Amino acid sequence: MNIFFGEAALSQVSMMTNNYDKFFVLTDENIYGIYSSMIASMLPEKEITKIVVPCGEQSKSIENVMLIWNKLFVSNAGRDSLLINLGGGTISDLGGFAASTYKRGIDFVNVPTTLLAMIDASIGGKNGINYKNYKNQIGLFSEPKSIIINTQFLKTLNERDIKSGVAEMMKYAFVADSSFIDLDLDNYMEYIEKAAMTKDEIVSLDMRESGLRKILNFGHTIGHALESYYVDKENYLTHGEAVALGIYSSLYLSVKYCGLDENWLFFYEMWFKGNLDLLNLDDFDVDKIMKYISHDKKSKGGKPRFVLVAKPEKPVVDVEVMPSDIKDSILILKNKFSK
């Protein structure tokens, strides 16, 4: 798999034309509204079939997978067809899953348009959909042929989406590269390529998440539970916002279970409040959030396992945490980060 960066990266799509007979672009309604003319010109000498789904996390459903399969089927797509996923993490997850299961797998390319997708979601070959509001319960590992990262797409993002991506990027400061501690809203553009390559390097060593790759789940056990809990509420959380809260909970637990210096907890609280917005955490039901955690994919024997840290760049995987401590780490979030 190759990752291409820069304004000229989109030209890589046209260089693939000789390898494929049919071309499809999957995107969402927002992206299509902004970039419809660009999609039409992506492969000027080829016919492109467009597949457009609604925006948002709830589009990661079996119904939309079937929509994509049907579009491929009625268009006589074969294994010499290419699916281009143009959008954020929802599109790369959904499109990667649909492409990898249609006719036992056709090639796909990810063209991320959000910061979070550029530095995380489009990289690593994890593809999947949600089930009964539980995040990423159905999926598989299958890498794209290439990932094309053009930061010009970020010009159309709103501030909330930028902050969501920056929050996801901050996890690297604790599990992989302490230089990310200097990351903030003023300099995040300088870290995009480094973040993307950091994830790619980790994944290349452990594609199936049997060891090293587990460190990328830092903040995600509680983060995914919060995201799932709020997904159909008016005060929904973006993935990055939920992970940002999950990182604080993980640091809180790291102090207790791994001897992390408590000053890192204070540092992260100040970083959060300096770079992200306080969140609307109304209807906060810790018991229901705990139920989502019980279905976490990383659980063993029905017990959730956490990625914690002893210090920056020293992650500790598969830590079993007492339910009472998990609850404490969740309850503190409302006091610290709610409006």
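The values are calculated or read from the model by the stated rules, or taken from the named source; none is laboratory data. As the structure is a prediction and not an experimental result, all values here were calculated from the model. Every residue, glycine as well, gets a Cβ built from its backbone with ideal geometry; the counts of neighbours run over all protein chains shown.
General observations
- Check on residue 226, modelled with pLDDT of 95 or more and in contact with an Asp or Glu (Cβ under 7 Å, 6 or more places away or on another chain): no
- Among the residues listed as 331, 276, 308, the single one being farther than 23 Å from residue 256 by Cα, assigned by TED's automatic domain parsing to the domain that holds residue 219 and not basic (Lys, Arg): 276
- Within the option set 128, 87, 95, being farther than 18 Å from residue 4 by Cα, buried (at least 24 other Cβ atoms within 10 Å of the Cβ) and touching a residue at least 60 places away in the same chain (Cβ under 8 Å) holds for one residue only, 95.
- Test: residue in region 288-302 that is among the polar types (S, T, N, Q), in contact (Cβ under 8 Å) with a residue 60 or more places away in the chain and assigned by TED's automatic domain parsing to the domain that holds residue 262: no
- Test for residue 202: is it out of contact with any strand residue (DSSP E or B) (no Cβ under 8 Å at 6 or more places or on another chain), touching a residue at least 12 places away in the same chain (Cβ under 8 Å), in a helix (DSSP H, G or I) and over 19 Å from residue 248 (Cβ atoms): yes
One line per residue, one yes/no per condition, for (1) assigned to a helix (DSSP H, G or I); (2) more than 20 Å from residue 312 (Cα to Cα):
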{"residue": "226", "(1), (2)": "yes, yes"}
{"residue": "232", "(1), (2)": "no, yes"}
{"residue": "237", "(1), (2)": "no, yes"}
{"residue": "243", "(1), (2)": "yes, no"}
{"residue": "248", "(1), (2)": "yes, no"}
{"residue": "290", "(1), (2)": "yes, yes"}
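- Of all residues in region 15-35, those being surrounded by 13 or more Cβ atoms within 10 Å (Cβ to Cβ), free of Cβ contacts under 8 Å to residues at least 40 places away in the same chain and polar (S, T, N, Q) number 2.
- Number of the exception - residue 293 against (1) within 24 Å of residue 178 (Cβ to Cβ); (2) crowded, with 20+ Cβ neighbours inside 10 Å: (1)
- Any pair with Cβ under 9 angstrom, 6 or more apart, that starts in region 232-248 at a residue that is within 13 Å of residue 222 (Cβ to Cβ) and ends at one that is of a type in the set (Val, Ile, Thr) and part of a loop (DSSP other than H, G, I, E, B): 237/231
- Within region 57-81, the residues that satisfy the criterion of being within 30 Å of residue 164 (Cα to Cα), touching a residue at least 40 places away in the same chain (Cβ under 8 Å) and either loosely packed, with under 14 Cβ neighbours inside 10 Å or not polar (S, T, N, Q) (or both) are 57, 60, 62, 65, 68.
- Where residue 7 falls short, out of the listed (1) charged (D, E, K, R); (2) surrounded by 16 or more Cβ atoms within 10 Å (Cβ to Cβ); (3) closer than 14 Å to residue 153 by Cβ: (2)
- Selection status of residue 110, crowded, with 19+ Cβ neighbours inside 10 Å, under 30 Å from residue 184 (Cβ atoms) and within 15 Å of the chain's Cα centre (by Cα): yes
- Residues located in region 42-68, provided they are hydroxyl-bearing (Ser, Thr, Tyr) and under 22 Å from the mean Cα position of the chain (by Cα): 59, 61
- Close pairs from region 308-330: first on the phi > 0 side of the Ramachandran plot, partner surrounded by 15 or more Cβ atoms within 10 Å (Cβ to Cβ) and at pLDDT below 95, Cβ under 6 Å, at least 6 apart: 318/305
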